[in-house]
Each structure stands twice: as structure tokens, then as C-alpha cells.
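Below: one structure, written as C-alpha cells.
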Amino acid sequence: MGESDLQANYNNKGEDDNFDGEVSETAQNIDLMTGPVHSLLKCGNVHEALNVYIDAYSSDCPNSAQLELHLHMFVDGVVENARENVANSATLNMDYFLCMCGEMMTDPVTLKCGHTISKKCALSTMKTDGFECKKCGKRHSRAYISQLKNNVIISALIDKLWKMQKSEKSSDLRYHLPTYSQKKTIKSPTPSSMTFLREGDSLVRKKMYEEAIKMYLICLTFDPNARQAKEKAVKLLHNFLLEHQRKFQCRKTPQYAITINLKKAISKKRRSKDSSNGNIRNDESKGCKLTGLMDDELSNAEEEAREENRLYANDSAEANRLHKILDNFCNYIEDFSDEKVVKDRIDVSSLDKQDFECSLCMRILWEPVSTPCGHTFCRVCLNRCFDHRPTCPLCKASLANYLAERIQSTTEFLELTIKTLLPKEYAARKEMHKEEMDEFSNTGKDSEHVIPLFVCTTAFPTVPCPLHVFEPRYRLMIRQCMESGSRQFGMCTVVDNNIAEYGTMLEIRDVQYFPDGRSVVDTVGSRRFRILRKGEHDGYTTGVVEFLEDEGLIEEDLQDVKELHDQVYKFSEAWFMRLPRDTKNQILQHFGSMPEVEVNYYSCINGPSWFWWMLAILPIEPRSQLMFLSMTSLPHRLKTLYRVLLHLQSTIVT
């Protein structure tokens, strides 16, 4: 059978009954494309994803209509990658001054996540489940964004640096499209998404289809809801791939065509034999062997031909043009997101430090946080105001909900602006903040042992001391201890209207905040101290202290001390067990169980833990408790406790 016979057989009407099966198989293959394409796009491999479509259009029986619909996913993935590149820039670039539609922000609002957006664009592009921040992925409701006020400092900064003429809109992209580093000025607004859409339409009329696809993709990057741009981009891509398909079918290798036609002819012949009533068993064995050999040879030939044609497909002029379109689009987005010459194009002399000053401390903003009412303060300054009342220090708007959420993300726009445009001032402010934090973090470590003092009650080593903190000065003190990392402060009581001479260091284990800013602080006692001098800082008392430790025991006295300890421990345990049940339950609920005796209790700087637990539950006056705190002799403390227990034993009603 010659090649002409194969071609005639290929065109025979008998093949029509196989067409539906082939189309069904093709549709199934298109569905199988979804997973790989999605994975490639998610990883940013847009060129590899494009090759999948090129191969699909080059298949034996492509379903063009379904492939065109499938191209929507490809366009969505390419645009999503571009938007992430724009949003993830970590430098002060043009994107910080632009909303996602490409225009300069005239109504900037700062979200609770710390990122600044255009309120108008956020509301117009919002989905039913809210607005998703493109930088961090956090979602915000329409009600939340609607009540946000324009960020006062950022609005003033944009107006001062750009002095935008809002009525001026240029439709000529010849000025706008070069990368920002090539521009001489930044006084003109960047083009909007509609400008790119119109430019794409203009390029289509000029039959400049490659540039038109690029314009439509840029339009979608700035406005993902631009349906016209998406439909037109998909249509043009589809037309490119159809042209590729047409040329590819014409240039298929003869070997491939012969192999495919031969397989179809053999398949048809087999079906004809199976349906006939004749008996052809005589040479069945030889026929099976021959058929198997032919199948193997045909499969190898078909695979070689497919590989050869796949190379043709991926190297066609249309395929190369499509890859070039993607390259040009990605390069444009990269230039947009990597723009790092904002400082070079801004007249820094036009800026004043007062543009970035906190209205509370009158210093350069440090860790700036923006309130829903649009005002910005240093985080530390705002929290100090919240210690007194949950309102904005400037406009007096209620910030009770803002305080209750306890989400105070740094306003990224302002932090990067100060860091980039005022580097010396930023460095000086950073050093100032570091010195303040070092002062708190060195609590109890410096030579004079200056510590913050919480004047409230008597605390004891190793004994829990929960605190309800509501006074503004102590709310500030606890916050400073947490932010500096020291997590400790001194606790002492008042005796005869004076601060007691002795106290105990408390270590913060946990802080639970109430919506109004009050807190419950879980602390435990550690070292004892004696106050040498008192001072004041930020409204609360501080003290220069010396820390107390138990005196060492000599070897000759160690056995006597152990016997004394065991005797007092047993007596203390028996005294506690004789307490009324309700009293014991209250003690256990507040202080926990009586601690076990440590192995080397006599070498601990505060002695055994159970001793301080007993002292905390004893019904004795604060003056007597302070006497125990001041003692540095373990035997002396044990003997004194024994005498106190003997005195109290007679007062306990069993």
C-alpha cells in the first residue's frame, strides 16, 4: 500500500465514527492541563505554562473553543504573578505613592495591617468577602474600610512632593511607558488602567497585536476587574495560537503523517475483521506476532515523530512571539516594582523634619502607627495616651475598638519614607530609641541596680503574685518592661505612709489585656532587694537597690541546720493541714500547693521555696513580713518562723 492509499484511507468517511471519541479524549486532556498549569503559574513559571498551551494547540485534534476558555486561567495566573511582584517590593518605590489602578493616591487610608491603599480603589475592587491586602493577604471588610479616614500625614506628603494636577490626564503613553528611571519629572500622574485599555485598542487597530496584548495585561495588573481587557487579551492570545496551529499542521513531518495514517488504517482493518463472520484462524499465530511487531515499530516511530514536532511547535515564529510578549510584560512590571530612584527625583530640601514629627513627643516618628481617624503617632506615644483614655489625642474620636483589637502594625509607607528620604534623622532617632530600651533592659544588671518599683503589696521569692494593673503609670511601666525584654520590676509595700525599705523582684510570665487597656499580669517572685535611694521616671517610682542573698553555711553547722529545717517544715505542714477546709481551698486556689523541698535548699540564695510560701499565707502584718525579707540567715529565719507558728497555733479553731 502506497502513501497515496494511506492518504485516501485517512480521508475515508469510515473514519467519521472515531471522531467523537477523539474529541472526547481531547476534552479530557484539556481538563488534565488544569493542575500542571496552575502549579506552574503559582511558582511563577509563566513561560513553562505557555508551553503547555502551545503543545495543546499542536495536538492531533485540538478543541479550539475549550482551549480558548482555558486561556482565561493562564491570563489570571500571569496577572496575579505581576501583582505580587508589584506588591512585594521592599523599597520606597513608586508603588507606595500609587494605588493599584496606577494613579497617584489622593485618598490614602492605612489599614490595620500597616499598609496604605487608595480608599476609592479598595471599595471599587472589593469582593463579596471583603478586600484582600495585596502585600500581606489579610482581609478587611467593607464596613471597616468605609469608616477609615484619609491618612493626614501621607496625604500632606503626597500633595507636597507631587503637587498633582488632578484634572490633567494624558492618554499618550509615549511619555509614561518608559521605565520610571528614564523620566525627568514625577509631577505628571501615571496612566490609569483605562489608559492602557485604550492604548491596547489603538494598537489593535494598527494591527500591532503583540504590543496590544502587553497593554491589556498591564491594564489587568492595575485593575483585575477590567473584564474587557481580559477578554481582549485572551482573544488575541487565542488567535496567535490558532495561527501557530495552522502553520504547525502544515509543517508536520511526513514521517509523523505516515505513521498516524498507517495506525488508523490497521485499526480500521482490525475492526472490519472482528465484525465479519468468516473464520480466519489458520494463520492467527503468525498474524498476532506480526501485529505485535508492527505495533512496537509504529509506537517508536510515533514517539520520535511527536518529539520532532514538539520541537517544531515550541520553536515556531508564533511561539517565540508569544514568549517575547511575556518577556516584555514581565520586564515592564519589574521596572515598575523595582523602582528605586524616588529619592533621586525628589527635592529633599523641600522636606522638613516637621513633616514627620509626632505631635505628642515632637520628635521624628518612630514605629509610626495610624489610627482609623487618619492620625499618626509613635507607637509608644499613642499607648501612653491610651493609658489615660481610649480617644485620639488630636481629634478626640473614640478609639475603643482600635484599642480592644490591640493590633498596632507599623505604617510601612511612613517608615520607609523617613528611612529613605531622611536617613540621618532616622539613624539618630533609632539610636535614641535604642538608648531608651537599653535603660529598661539593663534593669538589675547595671552597677547601681536601678529598677522600676511597683508600690502595692509584699511579694516573696518563688511565690506567684497576680496583679490587676489599671493605673496609667503602671500600665506604662509594665509595657516598657515587656517591650525592652527585661520582663521584671520591683514590688514593695507601704509602711507608715512610706515606701518599704525591702522588696522582691517580680518576673512577668504572662500579660492578659482587657479591651479598655487594663491587664492581668501573671508574675512570680525572684530576688530580694533593699532600697538605697528612690527616684522617679515617667510618673512611677524607681529605686537604686542592692540585692540580698543568704549567708553561706559552714560545714560544721550544716547538719544542725538540716535538722532544724526538717523540724520546722513538718511543723509548718501540720499547721497548714489543721486549717479549716474552706481556708485551705482558698489558699491552694490562690498560691498553689506547698512546694516540695529542694535537694540543695541550703545553697539557694533565698533558701527553700516552701518557706516563702508559708510566709505568704500566714496571717501576720506587713511589718513582720518585711522583717523576714530582710533576714539573710537561713537558721535565723527558720527559728523565727517556728516561734510565729507556735504563737498562731493557739488561735486556729479546728
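So the values come out like this:
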quantity	calculated
Segment 467-525: number of residues that are assigned to a helix (DSSP H, G or I) and either surrounded by fewer than 15 Cβ atoms within 10 Å (Cβ to Cβ) or aliphatic (A, V, I, L, M) (or both)	4
Any chance D560 is in a loop (DSSP other than H, G, I, E, B) and not hydroxyl-bearing (S, T, Y)	no
Exclusive hit being over 21 Å from S155 (Cα atoms), of a type in the set (A, V, I, L, M, F, W, C) and not in a loop (DSSP other than H, G, I, E, B), set V369, V380	V380
Subset of segment 346-400 [among the polar types (S, T, N, Q) and modelled with pLDDT under 90]	S349, S350, Q354
Unique residue being small (G, A, S), out of contact with any Ser or Thr (no Cβ under 9 Å at 6 or more places or on another chain), within 29 Å of C121 (Cβ to Cβ) and modelled with pLDDT of 85 or more when the list is A212, A229, A233	A233
Hey, F611 assigned to a helix (DSSP H, G or I) and closer than 22 Å to F547 by Cβ or not	yes
Residues (touching a Phe, Trp or Tyr at 6+ places or on another chain (Cβ under 9 Å) and more than 12 Å from H565 (Cα to Cα)) located in segment 581-597	K584, I587, F591, G592, S593, M594, P595, E596
Candidate set from segment 401-423 (those that are in contact with a strand residue (DSSP E or B) (Cβ under 8 Å, 6 or more places away or on another chain) and among the hydrophobic types (A, V, I, L, M, F, W, C)); member that is farthest from C481 (Cα to Cα)	L422
Close pairs from segment 472-497: first of a type in the set (A, V, I, L, M), partner part of a loop (DSSP other than H, G, I, E, B), Cβ under 6 Å, at least 6 apart	L476/D387; L476/D538; M491/A459
Complete set of residues in segment 602-654 that are exposed (fewer than 15 other Cβ atoms within 10 Å of the Cβ) and among the small types (G, A, S)	S603, S624, S630, S633, S650
Residue match in segment 595-604 (condition: polar (S, T, N, Q) and either closer than 20 Å to A500 by Cβ or modelled with pLDDT of 90 or more (or both))	no
Given (1) of a type in the set (D, E); (2) more than 29 Å from C385 (Cβ to Cβ); (3) touching a residue at least 60 places away in the same chain (Cβ under 8 Å), index of the condition D516 fails	(2)
Scope segment 572-589; condition touching a residue at least 60 places away in the same chain (Cβ under 8 Å) and either exposed (fewer than 15 other Cβ atoms within 10 Å of the Cβ) or not in a helix (DSSP H, G or I) (or both); matching residues	R578, L579, P580
Among (1) at pLDDT 85 or above; (2) surrounded by fewer than 17 Cβ atoms within 10 Å (Cβ to Cβ); (3) over 30 Å from F377 (Cα atoms) - the single one P178 does not satisfy	(1)
Selection from segment 118-142 of residues that are farther than 23 Å from M194 by Cβ and either in contact with a strand residue (DSSP E or B) (Cβ under 7 Å, 6 or more places away or on another chain) or without any contact (Cβ under 8 Å) to a residue 24 or more places away in the chain (or both)	T128, D129, G130, C133, C136, G137, R139, H140, S141, R142
Subset of segment 104-133 [surrounded by fewer than 17 Cβ atoms within 10 Å (Cβ to Cβ), among the hydroxyl-bearing types (S, T, Y) and part of a loop (DSSP other than H, G, I, E, B)]	T128
Residue count, segment 464-489 (criterion: among the acidic types (D, E) and farther than 25 Å from H590 by Cα)	1
Residue, farthest from the chain's Cα centre (by Cα), within segment 401-425, restricted to residues that are assigned to a loop (DSSP other than H, G, I, E, B) and at pLDDT below 90	L422
Residue check, H565 in a helix (DSSP H, G or I) and within 21 Å of A459 (Cβ to Cβ)	no
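The values are calculated or read from the model by the stated rules, or taken from the named source; none is laboratory data. Since the structure is predicted, the reported quantities are computational estimates derived from the model, not experimental observations. Positions of Cβ are backbone-derived with ideal geometry, glycine not excepted, and every protein chain shown enters the neighbour counts.
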